[in-house]
Amino acid sequence: MTSDFDVLCVGFACYDLTFSIDHHLGPDEKGRATGLIGCGGGLAANAAVTAARLGYRTAFAGYLGNDLYGDAHLAEFQESAVDTSLVLRGDPPTSLSAILVKPDGARTLVNYREELPQLGASAVDLAESPVGALLFDGHQQKLAISLIAQARRMGIPTVLDADSVNDGTTALMGLVEFLVTSERFGQQFTGCEDALDAAISLDSYAPTVVVTAGERGLAWHSRADSRFGPGQGWFPPFVVEVIDTTGAGDAFHGAFAAGLSAGMGWEEVLRYASAVGALCCAKNGARIGIPTGGEVAAFLRGKM
């Protein structure tokens, strides 16, 4: 079966205003930013741009408002060759994030959004429009639940980017094949401080669980019914000079889904996604820091 897309990312899109600062401000303190970057953001949206920049045929399904930020984000999708035929537009404003980034790459983020319109459960029929892999972030639940059920019948890998504990991630985490969480999610949901312990604790929710732990790499655990067989362990990080960690997790997830769609082996998927996430940290701005396929290939050649 030939796929229409290698990767379909379903979920959240916003617009990011990233301010560079020398320290995080205290109560009633005023400060001046040393830099400002405006670009598209959002978990599934950044994952979609990542997969497209890596050279995969990619589509995004989600919402953007009929406003300046929505227009700018849509243009970025199209410039990166992300298919936008499943982007829903409407009157509610595009979600907006303000991000404060210190010189060491640490960040603080605040997001504003209203109740966003939802794509219907029947918006995509995978029998008519097959894909190589599906990525979700807990938003657009009606469509997500429908697609996961279709994908399970067709053997298509499904990935959930579970960044934080909320109604969306808890609704989908027991349905997908690959549950890929942040360390924060693992700690909040399981109570386990250790990332590997958290991955093991999440065993009942998905055949394969990955818990990303930033500069310490990632922990993973898989059951006997996993696509890659049973196992568990730690995967070490790639060391880069960190400029801004914003969007690194999103880029990791996009590359992870892309690797699955390409039929990579387990170690290869982890290595590939980890390299993409690391390279994203080497530049300011989530969208700007996403590497191309050529940059990733050159980086990995240098590590061999």
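Any residue that is buried (at least 19 other Cβ atoms within 10 Å of the Cβ), of a type in the set (S, T, N, Q), within 22 Å of Ala258 (Cα to Cα) and modelled with pLDDT of 95 or more - is there at least one of those in the range 224-231? Give the derivation first.
Here is the first cut: in the range 224-231, the ones buried (at least 19 other Cβ atoms within 10 Å of the Cβ) are none.
Within the range 224-231 (the criterion being buried (at least 19 other Cβ atoms within 10 Å of the Cβ), of a type in the set (S, T, N, Q), within 22 Å of Ala258 (Cα to Cα) and modelled with pLDDT of 95 or more), the answer is no, since none of the residues qualifies.
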Take the residues in the range 144-181 that are modelled with pLDDT of 95 or more and among the hydroxyl-bearing types (Ser, Thr, Tyr), then tell me which one is farthest from Gly263 (Cα to Cα).
Thr170
Would you be able to say whether some residue in the range 50-60 is without any contact (Cβ under 8 Å) to a residue 60 or more places away in the chain and surrounded by fewer than 22 Cβ atoms within 10 Å (Cβ to Cβ)?
yes
Any chance Arg152 is closer than 28 Å to Ala206 by Cβ and of a type in the set (D, E, K, R):
yes
Quick one: what pairs do we get from the range 175-194, first residue within 17 Å of Thr158 (Cα to Cα) and charged (D, E, K, R), second crowded, with 18+ Cβ neighbours inside 10 Å and modelled with pLDDT of 95 or more, C-beta under 6 Å, 6+ apart or different chains?
Glu177/Pro157; Glu177/Thr158; Glu177/Pro207
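Return yes when Gly259 is modelled with pLDDT under 95, buried (at least 21 other Cβ atoms within 10 Å of the Cβ) and in contact with a helix residue (DSSP H, G or I) (Cβ under 6 Å, 6 or more places away or on another chain) and no when it is not. First the steps, then the outcome.
On the way: modelled with pLDDT under 95: no; buried (at least 21 other Cβ atoms within 10 Å of the Cβ): yes; in contact with a helix residue (DSSP H, G or I) (Cβ under 6 Å, 6 or more places away or on another chain): yes.
The answer is no for Gly259.
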Any residue that is buried (at least 24 other Cβ atoms within 10 Å of the Cβ), in contact with a Cys (Cβ under 8 Å, 6 or more places away or on another chain) and within 27 Å of Leu116 (Cα to Cα) - is there at least one of those in the range 18-31?
yes
Tell me which of these Gly265 doesn't satisfy, since it passes every other one: (1) small (Gly, Ala, Ser); (2) closer than 21 Å to Leu218 by Cα; (3) in contact with a helix residue (DSSP H, G or I) (Cβ under 8 Å, 6 or more places away or on another chain); (4) surrounded by fewer than 21 Cβ atoms within 10 Å (Cβ to Cβ).
(3)
Out of the residues in the range 241-255 meeting the condition of being assigned to a helix (DSSP H, G or I) and touching a Gly at 6+ places or on another chain (Cβ under 9 Å), tell me which one is nearest to Glu177 (Cα to Cα).
His253
Restricting to the range 63-93, give me the number of residues that are surrounded by fewer than 17 Cβ atoms within 10 Å (Cβ to Cβ), among the charged types (D, E, K, R) and part of a strand (DSSP E or B).
1
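Any idea which of Ala81, Ala75 is of a type in the set (Gly, Ala, Ser), in contact with a helix residue (DSSP H, G or I) (Cβ under 8 Å, 6 or more places away or on another chain) and at pLDDT 95 or above? Break it down stepwise before answering.
Details: Ala75 fails: in contact with a helix residue (DSSP H, G or I) (Cβ under 8 Å, 6 or more places away or on another chain).
When all the criteria are applied, what remains is Ala81.
Take the conditions of a type in the set (A, V, I, L, M, F, W, C), within 23 Å of Leu134 (Cα to Cα) and in contact with a Pro (Cβ under 7 Å, 6 or more places away or on another chain) and apply them to Leu54. Does it pass?
Details: of a type in the set (A, V, I, L, M, F, W, C): yes; within 23 Å of Leu134 (Cα to Cα): yes; in contact with a Pro (Cβ under 7 Å, 6 or more places away or on another chain): no.
When the stated conditions are applied, Leu54 does not pass them.
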Are any residues in the range 94-119 in a strand (DSSP E or B) and either hydrophobic (A, V, I, L, M, F, W, C) or surrounded by 13 or more Cβ atoms within 10 Å (Cβ to Cβ) (or both), and if so, which ones?
Ser95, Leu96, Ser97, Ala98, Ile99, Leu100, Val101, Arg107, Thr108, Leu109, Val110, Asn111
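The values are calculated or read from the model by the stated rules, or taken from the named source; none is laboratory data. Values in this document were obtained by computation on a predicted structure and should not be read as measured data. Note that we place each Cβ from the backbone using ideal geometry, even for glycine, and neighbour counts take in every protein chain shown.
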